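Read the structure below first, then the notes.
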Amino acid sequence: MQRTDLAELGEFGLIERIKKNTETVQPSTIVGIGDDAAVIDSGSHYTLVATDMLVEGIHFDLSYTPLKHLGYKAVAVNISDIAAMNGFPKQITVSIGLSNRFSVEAVDEIYEGIHAACKNYKVDLVGGDTASSKSGLIISVTAIGEVPKEAVTYRKGAQPNDVLCATGDLGAAYFGLQILEREKQVFMENPNMRPELKEHEYLVGRQLRPEGRTDIIHELKERNVVPTSMIDISDGLASEILHLSQHSGMGFSVFVDNLPIENSTLLAAEEFKVNPITAVVNGGEDYELLMTISQKDYEEIKGIPEITPIGFVTKEKNNILVTKSGEHVQINAQGWKHLENS
Ligand code: ADP
Ligand code: MG
């Protein structure tokens, strides 16, 4: 029997392999494995289904993650995948694996965050599962959403000359994590030290309590604009560009100078001596949307401050960053990082 290390395939390779070995038989299964959410024909509309799991020690560290925020985030990251299909979330299910280290009150706190997210995104918690875990806390959320058939947006569909747009700002969550990790180190060396988080509230908030951009989906709907392709930015801009490129069979040129980066992110980049562009391109967990908009539709959304044009689509399947000085930098797969730390 052959034995292949998981690291040889990587997360994306592994998903590809599962996808290849999976057959669908239901005519209502429009899209299965491979996009941000599955697409199911429900007659009058499409139903969307997305699942994301958060694992202690891999996706979060309980020494600096408030349980309430964790509950909120577990929901928000799934809402983000529904938004990435241009849909609206309706219901969620929540499954938790708990060790006996947890108290009833701790579980209450997680659910406070889950309920806060349900209220914010107007979704109903309709079920889940509860199990014991010997390896720390696990929270898996499934979100169910809806989208009109004519509005569903896939990772594929980008056309030459479409405008590539990003929502919100990028790179902040990466520095939020760096700050939390640094303060944890300081605290472990000297438990009398209080963490200095106040001045980095925005960045830390972006890491601990991200939002799914359902608000943007409303904005697009109001203007009758359907993106030609879309994905949410969970693994860093480079990874998402490569997904859009792979699925659409197109290339992307991204202008570094146009990337939406908050001032606090730039300041943290200086403090940590990290190029802010590197954080945007290779960081992650921004949970913003990356979409392509036809030139014609771009006129309609130009005024929305939360949407920034950052590049354009090219027929040639070549993905590049264009620096301020006009230099071209190839956008590469980050290789193998996911099963280890994302
Ligand atoms: P995202 O980052 O948007 O959550 P992922 O990279 O986790 O997307 O997943 C990509 C696609 O692969 C999705 O369609 C997801 O449902 C599917 N997928 C991921 N893991 C598995 C698995 N173990 N079995 C079947 N499908 C999977
Ligand atoms: Mg996604």
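Across segment 146-159, not a single residue is classified as open to solvent by less than 30 Å² (accessible area, probe 1.4 Å), assigned to a strand (DSSP E or B) and not β-branched (Val, Ile, Thr). Under the condition of being open to solvent by 30 Å² or more (accessible area, probe 1.4 Å) and either outside any loop (DSSP other than H, G, I, E, B) or on the phi > 0 side of the Ramachandran plot (or both), the residues counted in segment 59-72 number 2. Looking at Thr51, Thr47, Thr65, just one residue is touching a strand residue (DSSP E or B) at 6+ places or on another chain (Cβ under 7 Å), more than 12 Å from ligand 1 (Cβ to nearest atom) and polar (S, T, N, Q), and that residue is Thr47.
For the residues Thr51, Thr24, the requirement of being closer than 25 Å to Thr130 by Cβ and either over 19 Å from the mean Cα position of the chain (by Cα) or in a strand (DSSP E or B) (or both) singles out Thr51.
Listed by position, the strands (runs of 3 or more DSSP E) contained in segment 242-342 that have at least 3 residues being in contact with a Cys (Cβ under 9 Å, 6 or more places away or on another chain) are 288-293, 307-314. Only one of the listed residues (Glu23, Glu8, Glu56) is among the acidic types (Asp, Glu), more than 14 Å from ligand 1 (Cβ to nearest atom), on the phi < 0 side of the Ramachandran plot and exposed (fewer than 14 other Cβ atoms within 10 Å of the Cβ). That residue is Glu8.
Can you find, within segment 217-231, the residue that is nearest to ligand 1 (Cβ to nearest atom) among those that are within 15 Å of Ile310 (Cβ to Cβ) and not in a loop (DSSP other than H, G, I, E, B)?
Pass one, segment 217-231, residues within 15 Å of Ile310 (Cβ to Cβ): 227, 229-231.
Narrowing the set further to residues that are not in a loop (DSSP other than H, G, I, E, B) leaves 229-231.
Working: Ser229: 14, Met230: 11, Ile231: 7 Å.
Among them, the one singled out is Ile231.
Taking each residue of segment 71-88 that is closer than 13 Å to Asp36 by Cα and outside the structural domain of Val107 (by TED's automatic domain parsing) and looking for partners that are acidic (Asp, Glu) and surrounded by fewer than 24 Cβ atoms within 10 Å (Cβ to Cβ) with beta-carbon atoms closer than 6 Å, six or more apart or interchain, yields nothing.
Quick grid of which residues meet (1) closer than 28 Å to Ala116 by Cβ; (2) basic (Lys, Arg); (3) within 16 Å of ligand 2 (Cβ to nearest atom); (4) modelled with pLDDT under 95:
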| site | (1), (2), (3), (4) |
| --- | --- |
| Met1 | no, no, no, yes |
| Ala7 | no, no, no, yes |
| Ala38 | yes, no, yes, no |
| Asp41 | no, no, no, no |
| Ser44 | no, no, no, no |
| Leu54 | yes, no, yes, no |
| Leu70 | yes, no, no, no |
| Met85 | yes, no, yes, no |
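Those residues that are within 16 Å of the chain's Cα centre (by Cα) and crowded, with 23+ Cβ neighbours inside 10 Å, I need them from segment 160-174; list them, please. Step through it out loud before you land on a result.
Filtering segment 160-174 down to residues within 16 Å of the chain's Cα centre (by Cα) leaves 165-174.
Of everything in segment 160-174, those that are within 16 Å of the chain's Cα centre (by Cα) and crowded, with 23+ Cβ neighbours inside 10 Å turn out to be Cys165, Ala166, Thr167, Leu170, Gly171, Ala172, Ala173, Tyr174.
The values are calculated or read from the model by the stated rules, or taken from the named source; none is laboratory data. In this text the structure is predicted, and so the values were computed from the model without any measurement. Cβ sites come from the backbone with ideal geometry, for glycine too, and all protein chains shown count toward neighbours. Just so you know, the surface numbers come from the protein's heavy atoms only, side chains and all, with ligands and any DNA or RNA stripped out. Shrake-Rupley method; radii C 1.70, N 1.55, O 1.52, S 1.80 Å.
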